[in-house]
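Asks: Supplied in structure tokens, the structure appears directly below.
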Amino acid sequence: MASAYLCARVPPPQGPQTRPSPFTGRTSFSFRSETPPCLLPSSTPLLSCPSPLLDGTNNGGSNRNNNNGWGWWWWNSDDWGNPEEDDYPPLPPSAALFTFLSLCYLSILPAPALARAIWEVKGGKWTRLVPDPSGADSLVVYREGDGSHKSSFLALEAWWRSSCDLVLRLLLPEGYPHSVSDDYLEYSLWRGAQGVASQISGVLSTQALLYAVGLGKGAIPTAAAVNWVLKDGIGYLSKILLSKFGRHFDVNPKGWRLFADLLENAAYGLEILTPAFPHLFVFIGAAAGAGRSASSLIQAATRSCFYAGFAVQRNFAEVIAKGEAQGMISKFLGIMLGIALANCIGSSVPLAMASFGAITGIHMFCNFKSYQSIQLRTLNPYRASLVFSEYLLSGQVPLIKEVNDEEPFFPALPSFNIKAHNGESQILSSEAKEAAAEIYHRLQLGYKLSEVVNNKEDSCALFDLFSDEGYLLAVSKGKFCVILKEGSSPQDMIKSLFHVNYLYWLERNMGFESRGIADDCSPGGRLRISLNYVQREFSHVQHDGSECGWVTDGLIARPLPNRIRPGHVATTNTS
């Protein structure tokens, strides 16, 4: 006996949504029902119905919902009619009547009505498909309206949609917004605005340099070229010298990027001043060139950190390519506006400086807003201390956005601390914020062992206690001194920082004070108690942090270059 199935269709959420396709192609199909849920016999042809629905099996009673925007629910009619065996209630008369009427309605319903709700999804664009009116066994794109009075409007609308789709494909990564992180769009918009302001400043400074070198007064081109090359050559040295600080850029990319923008604006300001001091052209130009070269190096280095966080689908190269395309549009608009403004200013230095001041304010504001929007998922010492302190206090891992909003741009300079946001935190407590700031300033990562231990007993106690770890930990002169072993990994460093956080809370809440390194390493000492806790709980905080989106496989830090190589240390005296 053939089996009949009851099908209930749940339409997807309203509005266009992009869903990942399990197929290799870029085009996927979703189905939306525009008719009420109905009873369908197994013989009813359904163009928009997935084939597993009509395979004659119920898969053991499971509903086979594949979570692609549809909820399908069905059962085998043979099983339904056997209440003694399955303990199902009998079908009520009203339901039987509704089933009969529904089947009668479906028998007279034309096939196109059932198949009219097929959508083609490509990227973020939804296109409705309907059966070909000519009778061919195919689907065509649905077009609204047949009247000639609507043809021009529809053509204009189609042109506008295709233009917008082209712009989005050129400027946004494929699969946006699901292929990038949530903070990507806000960052890109603010970066575009600051790029326009930066190019305007660049045009003004270039015009000022040309006036200063004398090209506006008919100077000898060769002399001008020599001065220009000399200015740039001296400036390039700063990029070479600054490259040694590359690891700092990884640890605090937002602060360094903001510093680079300040340096770039200072360089533009110096260049605009050159017409007032033409005899100092080479010196002023070299200083400005050095600032711009250093700024470009920092910007290029930190940009990679930001793009790596945006590429949630490992589409790193595409995110960079789209960022370059967005930058070209900003540069084009900025150059056009800069040329127009430069023509109005002419050779007036005071007017150029006034215009430059206004543009610089806009530029820095847009930069600040763009860095506010970035949500870094890696852990540096400050962010890790916020996460660990809150975990030790409440057992919760704080959200990525909360931690990024709380982290200052310049944590090493308390007087210049500028935080991304000053709003209320949902999880982060004030105690965790205070603890993170204090731990950050007391932490010494990669400290010298010779400056911590003064005798053989302390040294042997530390090596015995931390024999299975990649680090040693001690408190000296109020500092948390982490001594790294040779070959220690970022995983060892993040574990040592979790140890530091727990040791800090033992001091603050339990009143554990140092009694000497040897006593702290003995049973009941604070170093041994804290290490036992860390060895037991570190894997849990790593797992919980990963569940919240944090990258917990290592610490992004620039420790001091000191390392130790453990050897054979005698623990007993020989006569």
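Asks: Scan the range 444-463 residue by residue and report those that are in a helix (DSSP H, G or I) and of a type in the set (Phe, Trp, Tyr). Walk me through how you get there before you give the answer.
Replies: Here is the first cut: in the range 444-463, the ones in a helix (DSSP H, G or I) are 449-451, 456-463.
Selection gives Phe463 alone.
Asks: Continuing with this model, one more query. If Gly525 passes every condition in (1) open to solvent by 40 Å² or more (accessible area, probe 1.4 Å); (2) without any contact (Cβ under 8 Å) to a residue 12 or more places away in the chain; (3) over 22 Å from Arg383 (Cα atoms) but one, which one does it miss?
Replies: Exception for Gly525: condition (1).
Asks: So Lys125 passes all but one of these: (1) at pLDDT 75 or above; (2) of a type in the set (D, E, K, R); (3) in contact with a helix residue (DSSP H, G or I) (Cβ under 8 Å, 6 or more places away or on another chain). Which condition number does it fail?
Replies: Here Lys125 clears every test but (1).
Asks: From the list Asp519, Asp492, Asp464, exactly one residue is more than 30 Å from the chain's Cα centre (by Cα) and either crowded, with 17+ Cβ neighbours inside 10 Å or without any contact (Cβ under 8 Å) to a residue 24 or more places away in the chain (or both). Which is it?
Replies: Result of the check over Asp519, Asp492, Asp464: Asp519.
Asks: Among (1) open to solvent by less than 60 Å² (accessible area, probe 1.4 Å); (2) without any contact (Cβ under 8 Å) to a residue 60 or more places away in the chain; (3) over 28 Å from Arg528 (Cβ atoms), where does Ser370 come up short?
Replies: Condition not satisfied by Ser370: (2).
Asks: What about Val551, is it modelled with pLDDT of 90 or more, of a type outside the set (Lys, Arg) and outside any loop (DSSP other than H, G, I, E, B)? If you could, list the steps in order and put the result at the bottom.
Replies: Working: modelled with pLDDT of 90 or more: yes; of a type outside the set (Lys, Arg): yes; outside any loop (DSSP other than H, G, I, E, B): no.
No, not satisfied.
Asks: Residue under question is Ser385, and the condition is that it be open to solvent by less than 10 Å² (accessible area, probe 1.4 Å), farther than 15 Å from Ser181 by Cβ and touching a strand residue (DSSP E or B) at 6+ places or on another chain (Cβ under 9 Å); does it hold? Explain how you work it out, then say what you get.
Replies: Numbers: open to solvent by less than 10 Å² (accessible area, probe 1.4 Å): yes; farther than 15 Å from Ser181 by Cβ: yes; touching a strand residue (DSSP E or B) at 6+ places or on another chain (Cβ under 9 Å): yes.
So Ser385 passes the test.
Asks: Would you pick out the residues in the range 287-300 that are of a type outside the set (Ser, Thr, Tyr) and surrounded by fewer than 21 Cβ atoms within 10 Å (Cβ to Cβ)?
Replies: Correct list: Ala287, Leu297, Gln299, Ala300.
Asks: Answer yes or no as to whether Ala340 is modelled with pLDDT of 85 or more, in a helix (DSSP H, G or I) and surrounded by fewer than 18 Cβ atoms within 10 Å (Cβ to Cβ). Walk me through it before giving the result.
Replies: Details: modelled with pLDDT of 85 or more: yes; in a helix (DSSP H, G or I): yes; surrounded by fewer than 18 Cβ atoms within 10 Å (Cβ to Cβ): yes.
For Ala340, the condition - modelled with pLDDT of 85 or more, in a helix (DSSP H, G or I) and surrounded by fewer than 18 Cβ atoms within 10 Å (Cβ to Cβ) - is met.
Asks: Does Glu469 meet the test of being of a type in the set (D, E, K, R) and under 22 Å from Phe538 (Cα atoms)? Explain how you work it out, then say what you get.
Replies: Numbers: of a type in the set (D, E, K, R): yes; under 22 Å from Phe538 (Cα atoms): yes.
Considered against the rule, which asks whether it is of a type in the set (D, E, K, R) and under 22 Å from Phe538 (Cα atoms), Glu469 comes out as yes.
Asks: Run down Ala474, Ala518 and say which single residue is of a type outside the set (Val, Ile, Thr), farther than 20 Å from Asn380 by Cα and in a strand (DSSP E or B).
Replies: Values: Ala518 fails: in a strand (DSSP E or B).
It is Ala474.
Asks: For Cys481, only one of the following conditions fails: (1) open to solvent by less than 20 Å² (accessible area, probe 1.4 Å); (2) touching a Cys at 6+ places or on another chain (Cβ under 8 Å); (3) within 16 Å of Pro381 (Cα to Cα). What is its number?
Replies: Against the list (1) open to solvent by less than 20 Å² (accessible area, probe 1.4 Å); (2) touching a Cys at 6+ places or on another chain (Cβ under 8 Å); (3) within 16 Å of Pro381 (Cα to Cα), Cys481 comes up short only on (2).
Asks: Which count do you get for residues in the range 312-326 that are in a helix (DSSP H, G or I) and either in contact (Cβ under 8 Å) with a residue 24 or more places away in the chain or open to solvent by less than 60 Å² (accessible area, probe 1.4 Å) (or both)?
Replies: Matching residues across the range 312-326 total 8.
Asks: A follow-up question, please. Among the listed residues Ser355, Ser347, Ser330, Ser304, which satisfies the condition of being farther than 16 Å from Ala197 by Cα, of a type in the set (Ser, Thr, Tyr) and assigned to a helix (DSSP H, G or I)?
Replies: Values: Ser355 fails: farther than 16 Å from Ala197 by Cα; Ser347 fails: assigned to a helix (DSSP H, G or I); Ser330 fails: farther than 16 Å from Ala197 by Cα.
Result of the check over Ser355, Ser347, Ser330, Ser304: Ser304.
Asks: Quick one: would you say Ala155 is surrounded by 13 or more Cβ atoms within 10 Å (Cβ to Cβ) and either part of a helix (DSSP H, G or I) or modelled with pLDDT of 80 or more (or both)?
Replies: No: the conditions fail for Ala155.
Asks: Suppose we filter Pro173, Pro177 for residues that are at pLDDT below 80 and open to solvent by less than 40 Å² (accessible area, probe 1.4 Å); which single one remains?
Replies: Testing whether each residue is at pLDDT below 80 and open to solvent by less than 40 Å² (accessible area, probe 1.4 Å) leaves just Pro173.
Asks: Right, something else. Looking at (1) hydrophobic (A, V, I, L, M, F, W, C); (2) surrounded by fewer than 17 Cβ atoms within 10 Å (Cβ to Cβ); (3) more than 23 Å from the chain's Cα centre (by Cα), which one does Phe365 not meet, given that it meets all the others?
Replies: Of the numbered conditions (1) hydrophobic (A, V, I, L, M, F, W, C); (2) surrounded by fewer than 17 Cβ atoms within 10 Å (Cβ to Cβ); (3) more than 23 Å from the chain's Cα centre (by Cα), the odd one out for Phe365 is (3).
Asks: Name, by its number, the condition in (1) open to solvent by 20 Å² or more (accessible area, probe 1.4 Å); (2) modelled with pLDDT under 90 that does not hold for Ala420.
Replies: Exception for Ala420: condition (1).
Asks: So, Ser304, is that one open to solvent by 50 Å² or more (accessible area, probe 1.4 Å), among the hydroxyl-bearing types (Ser, Thr, Tyr), under 14 Å from the mean Cα position of the chain (by Cα) and under 30 Å from Leu428 (Cβ atoms) or not?
Replies: Working: open to solvent by 50 Å² or more (accessible area, probe 1.4 Å): yes; among the hydroxyl-bearing types (Ser, Thr, Tyr): yes; under 14 Å from the mean Cα position of the chain (by Cα): yes; under 30 Å from Leu428 (Cβ atoms): yes.
Against the criterion (open to solvent by 50 Å² or more (accessible area, probe 1.4 Å), among the hydroxyl-bearing types (Ser, Thr, Tyr), under 14 Å from the mean Cα position of the chain (by Cα) and under 30 Å from Leu428 (Cβ atoms)), Ser304 qualifies.
Asks: Quick one: is Tyr447 out of contact with any strand residue (DSSP E or B) (no Cβ under 6 Å at 6 or more places or on another chain) and surrounded by 20 or more Cβ atoms within 10 Å (Cβ to Cβ)? Steps first, please.
Replies: On the way: out of contact with any strand residue (DSSP E or B) (no Cβ under 6 Å at 6 or more places or on another chain): no; surrounded by 20 or more Cβ atoms within 10 Å (Cβ to Cβ): yes.
Considered against the rule, which asks whether it is out of contact with any strand residue (DSSP E or B) (no Cβ under 6 Å at 6 or more places or on another chain) and surrounded by 20 or more Cβ atoms within 10 Å (Cβ to Cβ), Tyr447 comes out as no.
The values are calculated or read from the model by the stated rules, or taken from the named source; none is laboratory data. Fair warning: this is a prediction, and the values are worked out from it, not measured in the lab. Every residue, glycine as well, gets a Cβ built from its backbone with ideal geometry; the counts of neighbours run over all protein chains shown. Keep in mind that these areas ignore ligands, DNA and RNA; they rest on the heavy atoms of the full protein, side chains included. Shrake-Rupley method; radii C 1.70, N 1.55, O 1.52, S 1.80 Å.
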